[in-house]
Structure formats: C-alpha cells, structure tokens
Ligand code: MF3
Ligand code: CO
Ligand code: CO
C-alpha cells in the first residue's frame, strides 16, 4: 500500500531519519581496519537505542542484527559476524531506525584506510547516481524516471545496476509500496505524489549486474563475479516543488 504522510507524520519521519543520519555519522567516525563487522553492528545498536529508537532490522523476518554490513563483493544484507575489516575494503552500512511508529532508512559505503582508485570511483559514482535521481524530482514525476537516471549514470561510467533488489516506500512499515527500481524506462510508472516518502538506494556493481543469494545464512547478497559493489541510500520526502532528503 502507498501511504501519503500528513504534516504530523512527516515531523515524526524527520525525527527517525535524523537518528539514522546521526548513527551513520557515528559509525563513520569509529569504523576502522581491524574491527569485525559484528563490532560495527554493536556501534549501530548502541547509538540507535541511546536515541530511544529501535533498530528495525533486528528481528525483521528473522534478521539477526541491527545493521547490514556489506564488505567489497557483498552487495547488501551482509550479516554482521567475524569478518575483519581490512585496509583497502569498502564497507556499506545500511541501517533502519524506528521511533514513534515511523521508520527512517539509509546506507553509506565507507572507505577503510587506503582504498584503490577503482573502488573509490565506484563509491563516488554510486553516490552520484542517487543525486542524479533526485535532481528535478517532485510531485508529478513518473516513478521509473528515478531508475532511468540511476541506470544511465551507472552505465555511462561502465558499471552495472543490480536488478534483483530495489528501493521502496517507507513509513509505519520499513518496506511499503511502491517498489523503486534502480533501472527503468523514462516517462513510465505512476506519478509521484506530495507526501510520499521513498527510499532511493542505488546498488551498483563493478562487473556483472548478477548477484547470488547465500543459502546458508539466508541473507547475504554477493556479486556473481565477486567484484566489488557499492550501495548508497536515503529516505526522501516528495513535495509539490521538490524533495526533502530526510536522512542527510
Ligand atoms: N535497510 C534495508 C533496506 O534498505 C533493509 C534490510 S532488511 C534486513 O531496505 F532485514 F536485512 F535488515
Ligand atoms: Co536500507
Ligand atoms: Co531501504
């Protein structure tokens, strides 16, 4: 179901999203080589709960942690564990927090120590894909223009766009309609409405767009060719005359 938020609900979304933003800043200040992904998850749990919020990923469809910590070839849903972060890794940390019944959701890909120019460019282009997608975004814009812009920028830079996972609406539920793909045909899809809140989250691969789902843990998504991937996400409010990026 697509939900349109009123002013009161938008104020609550802002609060949850501010907590998400601050948590990612806290992670950015503390993440370093030698830490395990589990230790990153502990930072997330500690910060979100200290704000009186709940890390919505914990227990979501049985998910066992407060964050998704995805290193290098892991695209998304990396389950925190014993993997040690190494100099040169890129690590996406994707978190969702709920307070007063509303969720905020965002992800950043962090650079650990000395990262190769190739991986740095991947991370930069992935962020740019998001900002291309929100350029000119407002009520009335067709939904699939978002994916069209993400895909065009990624492919123009020689990268590929993951098809198997998408962005989504968000509000009282972490995942609401509509689905927001990172690929698509310009001028198609429903027209966005003011008061919609959606997560735009480019997942960009260095090599093939194909991914594998780990059957053993039920969560980890990796690139099929084991080449690096990056992920960047914000929760975005659609307005009559533009957008408000709630997790920035
Ligand atoms: N935050 C993720 C998203 O962007 C959701 C992860 S669900 C989890 O949609 F269960 F894997 F945490
Ligand atoms: Co997310
Ligand atoms: Co999301």
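Taken together, the values in this text are just the output of simple stated rules run on the coordinates, not laboratory data. Since the model is a prediction, treat every value here as computed from it, not as a measurement. A quick note on method: Cβ atoms are made from the backbone with ideal geometry, for glycine too, and the neighbour counts reach across all protein chains shown.
How many percent of all Cα-Cα pairs in the stretch 1-145 sit more than 22 Å apart?
Summing the P(r) of the stretch 1-145 above 22 Å gives 45 percent of all pairs.
Please sort 226-234, 108-116 by packing, taking for each peptide the average over its residues of neighbouring beta carbons within 10 angstrom, highest first.
Packing proxy ranking, top to bottom: 226-234, 108-116.
Gap in Å between the Cα centre of the stretch 152-169 and the Cα centre of the stretch 49-67?
The stretch 49-67 and the stretch 152-169 have Cα centres spaced 27 Å from each other.
Mean projection of the alpha-carbon convex hull of the stretch 120-243 over all orientations, in nm²?
Answer in nm², one decimal: 7.7.
Can you give me the Cα centroid spacing of the stretch 174-215 and the stretch 83-135 in angstrom?
About 16 Å separates the Cα centre of the stretch 174-215 from the one of the stretch 83-135.
Of the listed peptides 96-103, 162-169, what is their order by residue-averaged count of other C-beta atoms within 10 Å, with the highest listed first?
By packing density, highest mean first, the sequence is 96-103, 162-169.
Run lengths n ≥ 4 of DSSP H only: what is the helix-derived mean residue ellipticity at 222 nm for the chain, with -39500 (n - 2.57) per run over all residues, to the nearest 500?
Mean residue ellipticity, 222 nm, calculated: -9500 deg cm²/dmol.
Can you tell me the order of 171-181, 13-23 when each peptide is scored by its average per-residue count of other Cβ atoms within 10 angstrom, highest first?
For the peptides 171-181, 13-23, the packing ranking is 13-23, 171-181.
Mind computing the radius of gyration and Dmax over the alpha-carbon atoms of the stretch 7-240? Å is fine for both.
My reading of the Cα-based Rg and Dmax gives 16.7, 47 Å.
What list do you get for 93, 221 if you sort them by fewest beta carbons within 10 Å?
Lowest count first: 221, 93.
At a threshold of 8 angstrom on Cα-Cα distance, excluding pairs fewer than six apart, so keeping six or more, what relative contact order does the chain reach in percent?
23 percent
For the stretch 29-114, take the convex hull of the Cα atoms, compute a quarter of its surface area, and give me that in nm², please.
5.4 nm²
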